[in-house]
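Engineer: Pasting a structure here, questions to come.
Where a number appears in this text, it was derived from the coordinates with a stated rule and is not lab data. What you are looking at is a predicted structure, and each value in this text was computed from that prediction instead of being measured. A quick note on method: Cβ atoms are made from the backbone with ideal geometry, for glycine too, and the neighbour counts reach across all protein chains shown.
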């Protein structure tokens with residue numbers, strides 16, 4: 001990596017066109033010659049791979065050879081920064097962080113022990129509750145069956161390791177709950193109220209530099225479709241509690257809250273990566289992509305919390321064409 005050039009690899013790029021555009025805009029502001037590599041299982045069918053400078057084919061994130069394949073791509077292409085974008089990417093790469101460091105690449109992934117917590121929603125609830133961070137009452141299937149009155153019915157069920165709104169269910173009575181599920185589930189009180197995503201940036205020294213919430217006004221396929229940035233001191237307080245509970249969390253992360261009139265906002269999940277709604281935060285002035293490039297290049301990090309409130313995002317369908 002020279003003083004004015006950088007190569008980044010966006011893993012499992014899929015539809016993350018907006019994220020790549022944020023990195024390119026950041027590079028222009030920093031006067032960096034940025035070359036973007038994007039990888040996917042089928043790069044010819046991934047829009048983000050089509051707009052990248054170089055597209056790479058990778059095995060599935062859950063394949064045993066995944067981390068080795070990404071590491072090989074890093075070595076062959078002199079990659080400076082690796083940016084995973086989906087949860088299954090995180091743990092395999094984190095376990096190989098020393099190999100990436102020896103190859104000269106920064107891996108934008110928190111340590112494996114942090115991922116073990118945030119990728120398990122049951123464990124997330126336990127760790128945050130112990131730190132005084134508000135979370136919904138959470139039970140396993142066995143606990144629910146043994147003590148169904150511990151929750152208020154109807155109850156909300158979701159996979160403990162799920163993402164992208166996969167496997168969400170609502171049950172009105174204990175009699176409606178199946179005796180078995182295809183994967184471990186958690187059960188919580190059903191909360192009907194405003195939902196926020198809170199994007200945060202934790203610098204290389206572990207200091208929380210930015211907290212930018214947005215109201216999720218409309219959701220499609222698990223990602224915000226319409227949103228608006230809002231300053232909320234209570235959500236900032238929650239962010240500070242999360243960073244205190246997870247002191248080794250680094251870089252970009254986001255968490256989601258649901259709230260009602262009685263309990264206020266409760267954390268329902270944490271993602272230790274760029275969230276799908278990050279471009280809204282970037283447009284509002286919380287330019288995480290730029291700050292990550294600065295840290296990777298050894299420049300002073302210009303992270304701040306002076307973003308604009310009331311910025312709205314309304315997503316629409318577009319297309320990438322390849323002849």
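Engineer: Where both residues lie in the chain, what percent of DSSP beta bridges are antiparallel, nearest 5? Walk me through the numbers on the way to the answer.
Structural biologist: Details: 42 of 58 bridges.
Here the share of antiparallel DSSP bridges comes out near 70 percent.
Engineer: For the range 192-314, give me the percentage of DSSP beta bridges that are antiparallel, rounded to the nearest 5 percent. Don't skip to the end; give the middle numbers.
Structural biologist: Details: 31 of 31 bridges.
The answer is about 100 percent antiparallel.
Engineer: What FRET efficiency comes out for the pair residue 30/residue 75, r = Cβ-Cβ distance, R0 = 25 Å, nearest 0.05? Could you put the intermediate results ahead of the total?
Structural biologist: On the way: r = 25 Å, r/R0 = 1.01.
Working from the Cβ atoms, E equals 0.50.
Engineer: Just round it to a whole percent: the fraction of Cα-Cα distances in the range 192-314 exceeding 20 Å. Could the numbers behind the result be given before it?
Structural biologist: Numbers: 2884 of 7503 pairs.
Distances greater than 20 Å cover 38 percent of the Cα pairs.
Engineer: Cα atoms only, the range 5-109: Rg and Dmax in Å?
Structural biologist: Cα only, the range 5-109: 12.6, 39 Å (Rg, Dmax).
Engineer: Something else about it: Could you state the per residue volume, in Å³, of the convex hull enclosing the Cα atoms of the range 251-323?
Structural biologist: Values: hull volume 12.0 nm³, N = 73.
It is 165 Å³ per residue.
Engineer: Give me the one-decimal nm value for the distance between modelled label points at residue 262 and residue 95, 7 Å along each residue's Cα-to-Cβ direction.
Structural biologist: The answer from the label model is 4.3 nm.
Engineer: Considering every Cα-Cα pair within the chain, what fraction, in whole percent, is farther apart than 24 Å? Provide the component values of the computation, followed by the final result.
Structural biologist: On the way: 28403 of 52003 pairs.
Counting pairs separated by more than 24 Å, the tail of P(r) holds 55 percent.
Engineer: For a quick size check, give me the Cα extents of the range 216-260 along its three principal axes, largest first, whole Å.
Structural biologist: Cα extents, longest axis first: 32, 21, 18 Å.
Engineer: Considering Cα pairs under 8 angstrom that are at least six residues apart, work out the relative contact order of the range 192-314 and quote it in whole percent. Display every interim value, and only then the final one.
Structural biologist: On the way: 237 pairs, mean separation 36.4, N = 123.
So the answer I get is 30 percent.
Engineer: Within a 10 angstrom radius of the beta carbon, how do 250, 312 rank from fewest other beta carbons to most? Kindly include the intermediate steps, with their values, before the conclusion.
Structural biologist: Values: 250 20, 312 14.
Ascending Cβ contact count within 10 Å gives the list 312, 250.
Engineer: If you average the sequence gap of Cα pairs under 8 Å that are 6 or more apart and divide by the length of the range 275-323, what percent do you get for the contact order?
Structural biologist: Values: 28 pairs, mean separation 17.6, N = 49.
Dividing the mean separation by the residue count of the range 275-323 yields 36 percent.
Engineer: Please give the calculated 222 nm ellipticity per residue for the chain, where each DSSP H segment of at least 4 residues contributes -39500 (n - 2.57) and the sum is spread over every residue; nearest 500 deg cm²/dmol?
Structural biologist: On the way: 11 runs with 98 residues, N = 323.
Using -39500 (n - 2.57) per qualifying helix, the result is -8500 deg cm²/dmol.
Engineer: How big is Rg to Rh over the range 130-231, alpha-carbon atoms, Rh as the Kirkwood inverse-mean-distance radius? If you can, show how the numbers build up before the last one.
Structural biologist: On the way: Rg = 16.5 Å, Rh = 15.9 Å.
Using Cα coordinates only, the ratio equals 1.04.
Engineer: Determine Rg/Rh for the range 53-207; Rg is computed over alpha-carbon atoms and Rh is the Kirkwood hydrodynamic estimate from the same atoms. Walk me through the intermediate numbers first.
Structural biologist: On the way: Rg = 19.2 Å, Rh = 18.2 Å.
With Rh from the inverse mean 1/r over Cα pairs, Rg/Rh is 1.06.
Engineer: With equal scatterers on the alpha carbons only and no solvent term, can you work out the Debye log10 of I(q)/I(0) for the range 137-189 at 0.27, 0.31 1/Å?
Structural biologist: -1.14, -1.48
Engineer: Relative contact order of the chain, please, whole-number percent, based on alpha carbon pairs below 8 angstrom and at least 6 residues apart.
Structural biologist: Details: 640 pairs, mean separation 52.6, N = 323.
Here the relative contact order equals 16 percent.
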